[in-house]
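Below you'll find the structure, written out as structure tokens, and then a few comments.
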Amino acid sequence: WNAGTLGYFARRPVVNLDGLVNDGEYFERVIKGSDLEGYLRDTRITWIADQACGPQPRPGLYLERTGSGALDPRFELAAAFYNPGPPDGCPGYAIWRFNAAP
């Protein structure tokens, strides 16, 4: 429901990084082939968003699921929305911009 809600309100296509609701190409290239970088480049995806906690979240845990942890430094935090009350800042949401050029 998270990706669907984001796509609905953003009025943009959404790709789930966990790959559970994407097409066969995503499964083959990213989940099986660990080619998230190529997939993002070829599909011209620049922004990713996901649930995150705290003021400076990183997408590393999500990237690790696709064998793409090395791409983490190439994601720049654009916005973080989080709960300032609890020590971990949860629940929250973050949006990152991907720098396609290494």
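The values are calculated or read from the model by the stated rules, or taken from the named source; none is laboratory data. Source: prediction; values computed, not measured. Backbone-built Cβ (ideal geometry, glycine too); neighbour counts: all protein chains shown. Ligands, DNA and RNA are excluded from the accessible area calculation, which covers all protein heavy atoms including side chains. Shrake-Rupley method; radii C 1.70, N 1.55, O 1.52, S 1.80 Å.
I need every pair where a residue in segment 20-47 that is free of Cβ contacts under 8 Å to residues at least 40 places away in the same chain and exposed (fewer than 13 other Cβ atoms within 10 Å of the Cβ) has its Cβ under 8 Å from the Cβ of a residue that is in a helix (DSSP H, G or I) and among the hydrophobic types (A, V, I, L, M, F, W, C), sequence separation at least 6 or different chains.
Val21/Ala3
Being more than 18 Å from the chain's Cα centre (by Cα) and surrounded by 13 or more Cβ atoms within 10 Å (Cβ to Cβ) is the filter here; which residues of segment 79-102 pass it?
Gly89
Yes/no matrix, rows are residues, columns are (1) of a type in the set (Ser, Thr, Tyr); (2) part of a strand (DSSP E or B); (3) closer than 16 Å to Gly38 by Cα; (4) modelled with pLDDT of 90 or more:
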residue	(1), (2), (3), (4)
Gln56	no, no, no, yes
Leu61	no, no, no, no
Gly67	no, no, yes, no
Leu71	no, no, yes, yes
Ala78	no, yes, no, yes
Trp96	no, yes, no, yes
Ala101	no, no, yes, no
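From the set of residues in segment 48-78 that are among the aliphatic types (A, V, I, L, M) and free of Cβ contacts under 8 Å to residues at least 12 places away in the same chain, which is least open to solvent (accessible area, probe 1.4 Å)?
From segment 48-78, those among the aliphatic types (A, V, I, L, M) are 48-49, 52, 61, 63, 70-71, 77-78; that's our starting set.
Still in the running and free of Cβ contacts under 8 Å to residues at least 12 places away in the same chain: 61, 70.
Working: Leu61: 136, Ala70: 93 Å².
Filtering segment 48-78 for residues that are among the aliphatic types (A, V, I, L, M) and free of Cβ contacts under 8 Å to residues at least 12 places away in the same chain, the one least open to solvent (accessible area, probe 1.4 Å) comes out as Ala70.
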